[in-house]
Amino acid sequence: MYWKLLFGKEMLENVWRSILVDMNKKVKLDNKAFNSPLVSLSDEGFCRLLDFAKGDRPLVVNFGSSTCPIFMKKMLEYEKMIVQFKDVADFVIVYIEEAHPSDGWAFDENNNIPTHSSQTERCVAARQLSSQNAICPVLVDSMLNAANVAYGALPIRLYIIRNNHVVYQGGAGPMGYCMDDVINWLSAYTCQKH
């Protein structure tokens with residue numbers, strides 16, 4: 001059973017799809033950030049990613065979903081980063097399609113969330129995450145996956161945007177998802193400010 005889970009058809013399809021999303025992303029380091037259309041959980045109204053960038057402060061964007069065990073495991077670390085750097089940077093989570101939906105390449109003891117078939121379902125999943133982690137805004141990608149496609153976010157990814165430009169582009173998850181790189185960038189930025 002474990003062998004099938006790791007090397008079955010669903011895993012290969014999922015990994016291949018993630019590679020294609022990464023290869024075809026529109027956003028590149030040191031280039032203009034894509035102002036993705038999103039849904040705000042506060043009022044389920046339309047918003048844009050760059051609406052959350054304030055002045056010249058860095059905006060840290062954490063892409064992921066509740067069915068990604070690494071994303072969920074690193075959430076406490078992300079919350080500590082927010083507390084540490086809240087005076088110099090802003091933070092958001094962008095909830096994208098499920099990395100391991102219950103009707104796809106699912107893991108045992110994972111959140112039991114199927115592939116989203118509507119914006120409402122994606123917002124419900126994001127709201128569950130938001131209720132557990134209310135330290136920063138949780139925004140929701142559209143069912144067209146505009147943010148996911150533009151940023152190559154599947155299954156998880158970290159970015160920093162400043163002055164509408166990408167100043168840090170983390171590697172594709174799970175291997176390239178590194179909170180320490182973001183902390184180091186923010187630490188260096190903080191030192192430059194003082």
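The values are calculated or read from the model by the stated rules, or taken from the named source; none is laboratory data. The model shown is predicted, which means the values in this text are computed figures rather than measured ones. Glycine gets a Cβ as well: all are built from the backbone with ideal geometry, and neighbour counts include every protein chain shown. These accessible areas exclude ligands, DNA and RNA; they are computed on the full protein's heavy atoms, side chains included. Shrake-Rupley method; radii C 1.70, N 1.55, O 1.52, S 1.80 Å.
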Residues of segment 49-77 satisfying the condition of being closer than 21 Å to residue 116 by Cα and either without any contact (Cβ under 8 Å) to a residue 12 or more places away in the chain or open to solvent by 20 Å² or more (accessible area, probe 1.4 Å) (or both): 69, 70, 72
Selection within segment 40-64 - in contact with a strand residue (DSSP E or B) (Cβ under 6 Å, 6 or more places away or on another chain) and of a type in the set (Ser, Thr, Tyr): 40
Boolean, residue 30 is modelled with pLDDT of 90 or more, at positive phi and either open to solvent by 60 Å² or more (accessible area, probe 1.4 Å) or among the charged types (D, E, K, R) (or both): yes
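Just for segment 18-67: of the residues that are in a helix (DSSP H, G or I) and among the β-branched types (Val, Ile, Thr), which one is nearest to residue 160 (Cα to Cα)?
Within segment 18-67, the first condition is being in a helix (DSSP H, G or I), and the residues that meet it are 18-23, 49-52.
With among the β-branched types (Val, Ile, Thr) added as a condition, the list becomes 19, 21.
Values: 19: 21, 21: 19 Å.
Ranking the candidates gives 21 first.
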Count - residues of segment 110-166 that are assigned to a helix (DSSP H, G or I) and open to solvent by less than 40 Å² (accessible area, probe 1.4 Å): 11
Filtered residues of segment 172-194 (kept if in a loop (DSSP other than H, G, I, E, B) and loosely packed, with under 15 Cβ neighbours inside 10 Å): 175, 176, 178, 194
Pairs where the first residue, in segment 78-93, is open to solvent by less than 80 Å² (accessible area, probe 1.4 Å) and the second is of a type in the set (D, E, K, R), C-beta under 8 Å, 6+ apart: 88/57; 88/193; 89/57; 90/54; 90/57
